[in-house]
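See structure below.
Values quoted throughout were computed directly from the atomic coordinates according to the rules given, and no laboratory measurement underlies them. This is a predicted model, so every value here is computed, not measured. Cβ coordinates were reconstructed from backbone atoms using ideal geometry, including for glycine residues, and neighbour counts include every protein chain displayed.
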Amino acid sequence: MNAIIIAAGLGSRFKDITKTQHKALLPVGGVPNIERTIQYLQEFGIKEIYIVVGHLKECFDYLKEKYEGVSIIVNPYYREYNSIYTFSQVLDVFGDSYVIDGDVVLFKNIFKCHTNSTYYIFQRTLKGIEWIPRTDQTGRVVEMEISEVCLPSILGLSYWNKQDAEVIKLAFKDYMSEEMLSNSKLYWDSIPITILDKIYVTTYEIESKWVDEMDTVEGYENVLDKYQKICR
C-alpha cells in the first residue's frame, strides 16, 4: 500500500496568502498541515508516500529529508493544466493507494485497511457545492451528485484497490488531450465518476469533527477554530 498526496495547485482562492506559502504547508496547531498527514500515514504503516507538487515546489523539498519514504514528484505544468495531468505523473505507482488532497485536514488518524475502493465522506459545516455519492442497497456508489444538498459529501481522501486502479488508468487516455487538460472544471476525480459501472466503490463516513478541508480562507479559519476546540 502507498499514498499519493496532491499538492501542485496554486491555491488561488487564498489570494495573497498562497503567493508565498503553499496551502498544504499552512500550519494547523503549529504543524504544517501536510506533515500531520504524513505522520498519520506512517503511523498507519504506509512506507511509500508520493507528493505531487508544482506551485512553490521548492518549499516541499525538506520533507524528503525529514520523513523516510517520501518522494517528491514535480508537475511542471501546474499552471496550464488541471489535476488530471498532475495525477498522470503518478499513474505508475497508483494501485492499492490512498489518494489525498493537500488541503485535507485530519485531527486524528482515520486511516484503515479496505478491501473495496472507498470514498471517505463527512458532513460539512460550511455550505457550498459538493460531490455527494449516491449508493445502492449494497453500499456501492452508483452516482455522484454535485449540488448544495446538505448530505455527507466526499472528502479529498479516498482509497483505490489495484483492480479498480487499473480500470481508472485505462480511462485516463481519453483525458490527456490539450482540450481536456486545459479544462479547469475537470479534476482527476472526474474520471472515476464516469466509470462507476466498471469499478466497485463504497463510502466510509468519518465524524465531521475529525476531518475537514481548507481550500479557502474561510475554510482555513474554520479549521483553526475546530483545532482549538478539539485538540486543546
GluC sites (Glu not before Pro) restricted to the range 196-231 and DSSP loop, no more than 12 other C-beta within 10 Å:
Glu207
Between Thr20 and Asp61, what is the spin-label point distance in nm, taking each point 7 Å from the Cα along the Cα→C-beta axis?
1.9 nm
The range 72-212 pair-distance distribution - Cα-Cα, 10 Å bins, rounded %
11, 40, 38, 10, 0
Loop-resident sites, the range 62-107, for GluC sites (Glu not before Pro), counting at most 14 other Cβ within 10 Å (DSSP)
Glu68, Glu80
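How much length, in nm to one decimal, is gained on full extension between Lys112 and Asp225, taken as 0.36 nm per residue of separation minus their Cα-Cα distance? Don't skip to the answer; put the middle values down first.
On the way: separation 113, 0.36 × 113 = 40.68 nm, distance 2.65 nm.
So the chain would gain 38.0 nm between Lys112 and Asp225.
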Counting only residues 5 or more places away or on other chains, whose amide H sits under 5 Å from the amide H of Ile4 once H atoms are built in the peptide plane?
Tyr50, Tyr98, Val99, Ile100
Cβ charges +1 (Lys, Arg) and -1 (Asp, Glu), total dipole of the range 116-232, debye:
360 debye
Restricting to lysines and to Cα separations under 16 Å from Lys108, and discarding same-chain partners fewer than 8 apart, the set is Lys209, Lys226, Lys229
Of the residues Ser97, Ser153, Ser177, which exhibits the maximal mean-square fluctuation in a Gaussian network model of the chain defined by a 10 Å Cα contact cut-off?
Ser177
Per residue of the range 217-231, in order, report the coupling 6.51 cos²θ - 1.76 cosθ + 1.60 (Karplus, θ = phi - 60°) as ³J(HN,Hα) in whole Hz, putting x for Gly and Pro.
4, 4, x, 5, 4, 5, 5, 5, 5, 5, 4, 4, 7, 9, 9
With θ set to phi - 60° and the Karplus curve 6.51 cos²θ - 1.76 cosθ + 1.60, what are the ³J(HN,Hα) couplings of the range 176-190 in order, to the nearest whole Hz, using x for Gly and Pro?
9, 7, 4, 4, 5, 5, 8, 7, 5, 8, 9, 10, 4, 5, 5
A chain fully extended from Leu126 to Tyr77 at 0.36 nm per residue, minus the present Cα-Cα distance, gains in nm 14.5 nm
Val74 long-range amide H proximity, modeled H, under 5 Å:
Val53
If the label point is 7 Å along Cα→Cβ of Leu196, which residues in the range 146-173 have backbone nitrogen under 11 Å from it?
146
Charge-dipole axis of the chain as Lys and Arg at +1 and Asp and Glu at -1 on Cβ define it, positive-most pick from Ile6, Ile110, Ile121
Ile110
I need the shape label for the range 157-232. Rule: rounded when a/c is under 1.5, else prolate if a/b > b/c, else oblate, with a, b, c from the alpha carbon gyration tensor.
oblate
What residues qualify as long-range amide H neighbours of Trp131, i.e. H under 5 Å apart, gap of 5 or more or another chain, H built at 1.01 Å from N?
Ile154
Which of Glu43, Glu35, Glu130 fluctuates most in a GNM of the chain (C-alpha springs under 10 Å)? That residue is Glu43
I'd like the antiparallel share, as a percent to the nearest 5, of DSSP beta bridges with both residues in the chain.
45 percent
Which value, in debye to the nearest 20, gives the size of the charge dipole of the range 52-201 about its Cα centre, when Lys and Arg are +1 and Asp and Glu are -1 at the Cβ?
360 debye
Gaussian network model of the chain, Cα springs within a sub-10 Å range: biggest mean-square fluctuation belongs to which of Asp61, Asp92, Asp215?
Asp92
